Amino acid sequence: MTSRQLSKLTTRAGFWLLVALIVVIAVFPFYYAIKTSFTPSGDLFRVELWPTRTTLANYAQIFSQRSFLQAIFNSILVATSVVFIALLLGITASYALGRVRFRGRTSVMLIILGVSMFPQVAVLSGLFEVIRALNLYNNPGGLILSYTIFTLPFTVWVLTTFMRQLPMELEEAAIMDGATPWVTITKVFLPLMWPAMATTGLLAFIAAWNEFLFALTFTLTDSQRTVPVAIALLSGGSAYELPWAPIMAASVVVTVPLVVLVIIFQRRIVSGLTAGAVKG
């Protein structure tokens with residue numbers, strides 16, 4: 001074996017060792033969460049990579065709590081509502097920003113991008129007063145409003161970028177046939193925008209599903225809380241016990257649907273995020 005072949009083999013081995021290390025580092029927390037969710041509470045502090053005893057008691061415990069089931073329903077309601085509103089407003093705004101020429105269009109896009117850069121804590125107090133004034137405190141509507149405010153800028157930005165890449169001839173043909181702007185959006189552009197809509201919709205769903213700060217601040221009772229807050233408020237048998245195993249079980253339950261959605265829509269996510277990256 002020549003020195004060149006040896007160097008090439010060493011480089012390839014080093015590359016795959018690095019890939020294996022990255023995979024282990026990325027996957028191990030998820031594996032440990034799943035392992036902990038099946039581990040009896042008495043065995044949690046035994047250091048072992050593979051559990052010697054498994055149990056479903058942790059899952060039975062969380063599903064026996066009515067508040068946790070209600071939190072799952074609340075999260076589904078809020079997340080799907082946010083996705084619907086964000087896509088409805090995003091598709092119409094992207095048509096105006098991507099196809100209609102008017103003065104200040106670039107400034108509007110920069111403002112939209114700037115709004116998305118504000119951290120949640122910076123607007124928490126002001127948004128809290130708005131929600132109280134609208135009588136939406138401890139109500140799913142308050143969460144839907146706050147989540148939509150932070151989700152809409154990204155949705156509009158991605159959909160506008162995709163909308164600009166659609167051929168102008170399609171719109172001109174629709175106008176020649178007498179189509180209104182709404183008909184052009186729904187009948188001509190919408191079927192072509194599924195990759196971008198799948199991307200933005202799924203990311204909006206994940207953001208609303210995982211959001212914690214607003215859900216903790218704008219809800220008060222168990223009947224209105226979402227899953228992240230419900231998991232954080234899981235209590236043990238006493239004030240001094242932190243139920244790690246049920247918390248991990250609840251985390252696995254609410255993470256699996258997101259993983260499944262990403263696996264199903266992964267191709268559309270990639271094509272949606274790379275829309276407009278290459279012109280030609």
Residue pairs within 7 Å by beta carbon, gap of at least six or interchain, first lying in the stretch 92-116 and in contact (Cβ under 8 Å) with a residue 24 or more places away in the chain, second of a type in the set (D, E, K, R), listed first then second, are Leu97/Arg105; Gly98/Arg164; Arg99/Glu171
Lone qualifier among Phe28, Phe68, Phe45 - being part of a helix (DSSP H, G or I), out of contact with any helix residue (DSSP H, G or I) (no Cβ under 8 Å at 6 or more places or on another chain) and either surrounded by 15 or more Cβ atoms within 10 Å (Cβ to Cβ) or of a type outside the set (A, V, I, L, M) (or both): Phe28
Give the stretch 150-165 a look and list any residue that's part of a helix (DSSP H, G or I), of a type outside the set (D, E, K, R) and surrounded by fewer than 16 Cβ atoms within 10 Å (Cβ to Cβ), or say none. none
Scan Ile62, Ile85 and give me the residue that is surrounded by 14 or more Cβ atoms within 10 Å (Cβ to Cβ), at pLDDT 85 or above and touching a Pro at 6+ places or on another chain (Cβ under 8 Å). Ile62
Residue that is farther than 30 Å from Val260 by Cα, in contact (Cβ under 8 Å) with a residue 12 or more places away in the chain and not in a helix (DSSP H, G or I), where the choices are Leu220, Leu124: Leu220
Examine the stretch 166-176 for a residue that is among the small types (Gly, Ala, Ser), in a helix (DSSP H, G or I) and within 20 Å of the chain's Cα centre (by Cα), and state whether such a residue exists. no
Output the number of the condition that Leu110 fails; it satisfies all remaining conditions of (1) under 24 Å from the mean Cα position of the chain (by Cα); (2) open to solvent by less than 40 Å² (accessible area, probe 1.4 Å). (2)
Out of curiosity, is Glu171 open to solvent by less than 20 Å² (accessible area, probe 1.4 Å) and farther than 30 Å from Phe68 by Cα? yes
What is the one condition in (1) on the phi < 0 side of the Ramachandran plot; (2) in contact with a helix residue (DSSP H, G or I) (Cβ under 9 Å, 6 or more places away or on another chain); (3) at pLDDT below 80; (4) not aliphatic (A, V, I, L, M) that Gly276 does not satisfy? (1)
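The values are calculated or read from the model by the stated rules, or taken from the named source; none is laboratory data. Treat the numbers as computed from the prediction; the structure is a model and nothing was measured. Positions of Cβ are generated from backbone atoms using ideal geometry, with glycine treated the same way; all protein chains shown enter the neighbour counts. When the accessible area is computed, the model is the full protein with side chains, heavy atoms only, and any ligands, DNA or RNA have been set aside. Shrake-Rupley method; radii C 1.70, N 1.55, O 1.52, S 1.80 Å.
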